[in-house]
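Take this structure first; my questions come after.
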Protein chains: 2
Amino acid sequence: MKNELIKGTLKTIILHLLEKEGRMYGYEIVQKVKSLSHDKVLLTEGALYPALHKLEAEGWLIAEKESIGKRVRKYYSLSKKGKIVSKEKINEFKEFIDSMRLVLNIELK
Amino acid sequence: MKNELIKGTLKTIILHLLEKEGRMYGYEIVQKVKSLSHDKVLLTEGALYPALHKLEAEGWLIAEKESIGKRVRKYYSLSKKGKIVSKEKINEFKEFIDSMRLVLNIELK
DNA sequence: CAATATACATAAGAAAGTTAGGCATAAACA
DNA sequence: TGTTTATGCCTAACTTTCTTATGTATATTG
């Protein structure tokens, strides 16, 4: 999906996955989205990592480094605020879909 | 809707409305989208007009100026190519929604 | 032991908006 | 009748968000 539509959904995706999974690291998020979407949504690391940093700076994510052998993974989870924002983002997305359905006059199963 | 999600949908909206209505001018498109979406989707002219020009340059739209009193309206309609692209864009949007539904695990009525 | 996968990160540039103007005519209202 | 609001077009500076291209390093697989 070389799709400009994906733009703007990245934060929503991250927040939602962390809410569902509890705790994930960046690379894992990329793989998860890829598999959930049957290889349709391919997050790029150039977009993902800056987004994670921004969400952390915003206070919505908590980051913890963890050593796996000689490598360091950075796990993210939702802060209290992040859990609230996560739900808000999902609702915004649903409203967006509803609006678009009205404008584009399309049915969604 | 101060929503970054709308980004990327503008061309799809324009093409679809022109397909449905046949012939519209810029200002009319703004009003139509506003009313269809119950004031949720408010296109800005700063985004709309450049988009119309780009679609015309691409060969997807045909523009015709029409004098209304002393004012000039610019009507747009779909070219043959534009009609094809319009359908493609709608399909892309539907696929996008399907993918997002998988990733976000949400139900849409 | 070379290629691929895992895992993080940044930086330059492109794309698509927002915000803030500008210009002009027509209609509505006080 | 004069001012505000609506109609109708437009552009330019700036911002946000993403893509593309790198860089670095360890682990696994053939």
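Over the stretch B:4-104, what is the percentage of antiparallel beta bridges among all DSSP beta bridges, to the nearest 5?
On the way: 10 of 10 bridges.
About 100 percent, rounded to the nearest 5.
A further question follows. Put a label point 7 Å from Cα along the Cβ direction on B:Tyr27, then list its distances to the equivalent points in the other copies in nm, shortest first.
Label-point separations across copies, in nm and ascending: 5.8.
Same structure again: Can you figure out the FRET efficiency of A:Ile84 with B:Ala57, using R₀ = 41 Å and their beta-carbon distance, to the nearest 0.05? Numbers along the way, then the final one.
Working: r = 44 Å, r/R0 = 1.08.
Taking R0 as 41 Å, the efficiency between A:Ile84 and B:Ala57 is 0.40.
Percent of accessible area on the protein assembly as shown owned by carbon and sulfur, 1.4 Å probe?
Details: 6200 of 12240 Å².
Result for the protein assembly as shown: 51 percent of the exposed heavy-atom area is carbon or sulfur.
Also, I was wondering about something else. Percent relative contact order of the stretch B:4-104, based on C-alpha pairs within less than 8 angstrom and at least six residues apart? Display every interim value, and only then the final one.
Details: 96 pairs, mean separation 31.2, N = 101.
This gives 31 percent for the stretch B:4-104.
Which distances, shortest first and in nm, link A:Val72 to the matching position in the other copies, using label points set 7 Å out along Cα to C-beta?
Result, one decimal in nm: 6.3.
Provide the per residue accessible area, probe 1.4 Å, for chain A, rounded to a whole number of square angstrom.
Values: 6110 Å² over 109 residues.
Result: 56 Å² of accessible area for each residue.
Over chain A, with a Gaussian network built from C-alpha contacts below 10 Å, which listed residue (A:Lys70, A:Lys80, A:Lys54) shows the highest mean-square fluctuation?
Fluctuation is largest for A:Lys70.
With a 1.4 Å probe, how much accessible area is buried between chains B and A, both sides summed, in Å² to the nearest hundred?
Working: alone 7960 and 7940 Å², together 12240 Å².
About 3700 Å² of accessible surface is lost on pairing.
What size of dipole, in debye to the nearest 20, comes out for the stretch B:4-104 about its Cα centre when the only charges are +1 on Lys and Arg C-beta atoms and -1 on Asp and Glu C-beta atoms? All intermediate terms of the calculation are to be shown ahead of the outcome.
Working: 20 positive and 14 negative charges, 59 e Å.
Computed charge dipole of the stretch B:4-104: roughly 280 debye.
How many nm is it between the label spots at A:Glu95 and A:Lys20, if each spot is 7 Å from the Cα in line with the beta carbon?
Roughly 2.3 nm, to one decimal.
A further question on this structure: Report, to the nearest 10°, how far helix A:10-21 tilts away from the longest principal axis of the Cα atoms in chain A, using its own Cα long axis and a range of 0 to 90°.
60 degrees
Further, regarding this structure: Charges only on Cβ, +1 for Lys and Arg, -1 for Asp and Glu: so what's the dipole of the protein assembly as shown about the Cα centre, in debye to the nearest 20?
Working: 44 positive and 30 negative charges, 20 e Å.
So the dipole magnitude of the protein assembly as shown works out to roughly 100 debye.
Ok, one more. As a test question: what accessible area, to the nearest 10 Å², does A:Asp39 have when a 1.4 Å probe is rolled over all protein chains in place?
For A:Asp39, the solvent-accessible surface is approximately 80 Å².
Got a sec? What order do A:Thr12, A:Thr44 fall in by accessible area at 1.4 Å, biggest, i.e. largest, first?
Sorted by accessible area, descending: A:Thr44, A:Thr12.
Helix A:45-58 sits at what angle to the longest principal axis of chain A, using alpha carbons and giving 0 to 90 degrees rounded to 10?
80 degrees
Separate question: Post the alpha-carbon centroid distance, the stretch B:57-108 to the stretch A:41-109, in whole angstrom.
Computed from Cα coordinates, the inter-centre distance equals 28 Å.
What are the distances, in nm and sorted shortest first, from the label point of A:Leu102 to the label points of the same position in each other copy, with each label point placed 7 Å from Cα along the Cα-to-Cβ direction?
Here A:Leu102 shows inter-copy label distances of 3.0 nm.
Could you tell me what % of all Cα pairs in the stretch A:4-104 have separations over 19 Å? It would help to have the intermediate numbers written out before the result.
Numbers: 2272 of 5050 pairs.
Of all Cα-Cα pairs in the stretch A:4-104, 45 percent lie more than 19 Å apart.
Another question about this same structure. Test of understanding: in a Gaussian network model of chain A with alpha carbons linked when under 10 Å, which of A:Ser79, A:Ser35, A:Ser67 would top the mean-square fluctuation ranking?
Highest fluctuation among the options: A:Ser67.
The values are calculated or read from the model by the stated rules, or taken from the named source; none is laboratory data. Remember, predicted model here, so these are calculated numbers, not experimental data. Because the Cβ atoms are built from the backbone with ideal geometry, glycine has one as well, and the counts that use them run over all protein chains shown. Calculation scope for accessible area: heavy atoms of the full protein, side chains included, ligands and nucleic acids excluded. Shrake-Rupley method; radii C 1.70, N 1.55, O 1.52, S 1.80 Å.
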